[in-house]
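Here the structure comes first, spelled out in structure tokens, and everything after it is commentary.
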Amino acid sequence: MTDISDQSDRIVVVTGANSGIGYVTARELSRRGAHVVLACRDPERGKDALGRMRDEVPDARLELRSLDLASLESVRAFAASWDHDRLDLLVNNAGIAMVPYARTADGFESQFGVNHLGPFALTGLLLPRLLAAPAARVVSVGSMAHRFARFDLGNLNAEHSYRSAFHYGRTKRAVLYFAMELQRRAEAAGLRLRSMAVEPGFTRTNVMTGGANSARSRLYLAAMRLAERAAFRPAPDGAKTSLYAATVPDLPGGSYIVPDGPLQIRGEPTRRTRERALYDTATAARLWDLSERLTGVTYDLPS
């Protein structure tokens, strides 16, 4: 996006800002004047990203802070150390995809913990800071994979079985449920907080080949890199939906922003309204209750 409005009055957190879509989102918001906090798991990769971003945007207002969404202790520490008077925009971007079976520090299946429970807890703990802003937004990054997995509340934590691709799709459906339920609860409480979900389309990042996936077979890594070169678009294109949801002034809360091309694989940002998960209030409410119970984070919304 080249038509992003001035962002100089906003304080922003972008999780997973050291690479891929998160890096581009953070860089472009800082280029338009936002004060951007890069929330990164790996300190060295975070420092490298900070240096590169300062080279690309010399006058950027940037901070690097540690955040590991696989650890509720880290999430709580990040929120407790917040020393700005408000938070105008939280971009829940960080995630993992189709990784081998593993558990987080708190015993959650890793994709469920990192893609949903960690951002759920982070948003809830930062809620007072968000509500201190005049027009705060929460942007949650999902995936088209949510359409291809049956959502099973009884197996989200892989209690009974685990298939990495299908479980990834379930966690990304959870992202969509969370974003819409947060909007419904904010509206019911009469708050100006706006919650949106986005889908980047096929995007060339290291999510399929880095992290836990880096230990996979040479054949897997070679096949994924070949597929990314052939069919996936560059990270700046994938970041367009996140930047659109984060910056378009009159975008209503509860929006779901996707690429406008066939199957939402590529294209320019557009609002999608024909998605059953957007209106499944019963499942979203049950997931919310489960998430509060598992994380111990309860959203303090005015009644």
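Give just the number: which of (1) crowded, with 24+ Cβ neighbours inside 10 Å; (2) modelled with pLDDT under 95 does Met98 not satisfy?
The failed condition is (1).
For segment 75-95, which residues satisfy the criterion of being crowded, with 17+ Cβ neighbours inside 10 Å and not in a loop (DSSP other than H, G, I, E, B)?
Once the filter is applied, which keeps residues that are crowded, with 17+ Cβ neighbours inside 10 Å and not in a loop (DSSP other than H, G, I, E, B), segment 75-95 yields Val75, Phe78, Ala79, Leu89, Leu90, Val91, Asn92.
Residue by residue through segment 42-69, note down the ones that are in a loop (DSSP other than H, G, I, E, B) and either more than 22 Å from Leu122 (Cβ to Cβ) or touching a helix residue (DSSP H, G or I) at 6+ places or on another chain (Cβ under 8 Å) (or both).
Those that are in a loop (DSSP other than H, G, I, E, B) and either more than 22 Å from Leu122 (Cβ to Cβ) or touching a helix residue (DSSP H, G or I) at 6+ places or on another chain (Cβ under 8 Å) (or both): Val57, Pro58, Asp59, Ala60, Leu67, Asp68, Leu69.
Return the pair list, or none, for Cβ contacts closer than 6 Å from residues in segment 226-255 that are modelled with pLDDT of 95 or more and of a type in the set (Gly, Ala, Ser) to residues that are open to solvent by 40 Å² or more (accessible area, probe 1.4 Å) and not in a helix (DSSP H, G or I), at least 6 apart or on different chains.
Cβ pairs passing all conditions: Gly253/Arg194; Ser255/Arg271.
Just give me the residues in segment 136-156 being assigned to a helix (DSSP H, G or I) and touching a Leu at 6+ places or on another chain (Cβ under 8 Å), in sequence order.
Within segment 136-156, Met144, His146, Leu153 qualify.
Quick one: would you say Gly46 is of a type outside the set (S, T, N, Q), in contact with a Gly (Cβ under 9 Å, 6 or more places away or on another chain), at negative phi and open to solvent by less than 10 Å² (accessible area, probe 1.4 Å)?
Answer is no for this residue.
List pairs: first in segment 148-165 and closer than 9 Å to Glu109 by Cβ and in contact (Cβ under 8 Å) with a residue 40 or more places away in the chain, second surrounded by fewer than 18 Cβ atoms within 10 Å (Cβ to Cβ) and basic (Lys, Arg), Cβ under 6 Å, 6+ apart or cross-chain?
If the second residue must be surrounded by fewer than 18 Cβ atoms within 10 Å (Cβ to Cβ) and basic (Lys, Arg), no pairs are left.
Name the pairs: first residue in segment 122-140 and farther than 23 Å from Ser74 by Cβ, second residue not in a loop (DSSP other than H, G, I, E, B), Cβ to Cβ under 6 Å, at least 6 apart or on different chains?
Taking only residues 6 or more apart or on different chains, the pairs are Arg137/Leu89; Arg137/Arg194.
The values are calculated or read from the model by the stated rules, or taken from the named source; none is laboratory data. All values derive from a computational prediction rather than experimental measurement. Because the Cβ atoms are built from the backbone with ideal geometry, glycine has one as well, and the counts that use them run over all protein chains shown. These accessible areas exclude ligands, DNA and RNA; they are computed on the full protein's heavy atoms, side chains included. Shrake-Rupley method; radii C 1.70, N 1.55, O 1.52, S 1.80 Å.
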